[in-house]
Amino acid sequence: MKEILPTILIDTGEQNPLNIRRLPCKWANIERKSGVDYGIEGFTIAKPPSIENLTRRHLLPQAGILEKEERARRDFGISRKDLNDLCNAMGRGRKDFEAQMGLLARYEFKALVLETTRSVVEAEAYRSQIDSGTVLHTLDAFAVRLGIQIIWCGDHAGAAERVESLARMFARGIQKDFNRLCAGCLPPPMNA
């Protein structure tokens with residue numbers, strides 16, 4: 001079975017986009033205020049970005065631009081936070097962050113990819129006044145109540161690798177489902 005390579009969608013709102021290197025990727029306006037920073041073309045609600053939305057930070061040499069609107073599916077959504085984003089989201093931006101995670105929870109596969117480690121948060125090795133217990137309990141609540149996978153990636157490069165790996169695994173599952181469906185189908189009748 002030849003592996004299919006899904007196309008990663010990167011939301012134009014991403015301030016520090018991951019360097020997706022092993023999969024094709026495109027810029028898109030992913031479902032507004034959904035908390036989704038990365039999706040898969042055909043499995044994430046998105047629309048083409050306007051030219052005005054594209055700026056210098058969007059000039060990843062390997063990234064294309066989504067050309068048609070994707071409306072039907074909410075199957076794959078990933079939100080990304082670095083340590084500063086995470087701490088800010090737990091403080092001043094808490095209500096918005098909780099609302100975004102509530103919208104992310106509508107996706108079949110949903111994950112929050114963190115560019116830090118749990119041990120860094122536990123040691124409170126960050127500039128914010130937010131208590132590590134608050135951060136960890138909130139993340140546990142997202143996992144338990146909303147079904148969002150919390151993935152500690154260590155750094156920016158680790159987050160890119162995880163997003164690529166998760167997208168590949170998701171596509172592989174779709175491909176296996178399709179193959180099982182085909183195996184159970186009857187051939188079309190022969191016209192005599």
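The values are calculated or read from the model by the stated rules, or taken from the named source; none is laboratory data. These figures come from a predicted structure and were not determined experimentally. Here Cβ is always computed from backbone atoms with ideal geometry, including for glycine, and neighbour counts include all displayed protein chains.
Within region 140-158, residues that are within 11 Å of residue 117 (Cα to Cα) have Cβ atoms under 6 Å from residues that are surrounded by 14 or more Cβ atoms within 10 Å (Cβ to Cβ) and basic (Lys, Arg) in these pairs: 151/162; 152/118; 153/162, counting only partners at least 6 apart in sequence or on another chain.
Every residue, every condition in (1) within 11 Å of the chain's Cα centre (by Cα); (2) of a type in the set (D, E, K, R); (3) at pLDDT 90 or above, yes or no:
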{"site": "6", "(1), (2), (3)": "no, no, yes"}
{"site": "10", "(1), (2), (3)": "yes, no, yes"}
{"site": "19", "(1), (2), (3)": "no, no, yes"}
{"site": "24", "(1), (2), (3)": "no, no, yes"}
{"site": "42", "(1), (2), (3)": "no, no, no"}
{"site": "53", "(1), (2), (3)": "no, no, no"}
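Once region 133-175 is narrowed to residues that are small (Gly, Ala, Ser) and surrounded by 17 or more Cβ atoms within 10 Å (Cβ to Cβ), the residue that is nearest to residue 84 (Cα to Cα) is 159. Looking only at residues in region 74-102 that are buried (at least 16 other Cβ atoms within 10 Å of the Cβ) and part of a loop (DSSP other than H, G, I, E, B), the one that is modelled with the highest pLDDT is 75.
Rundown of residues vs (1) over 21 Å from residue 10 (Cα atoms); (2) in a loop (DSSP other than H, G, I, E, B); (3) of a type in the set (Gly, Ala, Ser), yes/no style:
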| residue | (1), (2), (3) |
| --- | --- |
| 145 | yes, no, no |
| 154 | no, yes, yes |
| 163 | no, no, no |
| 168 | no, no, no |
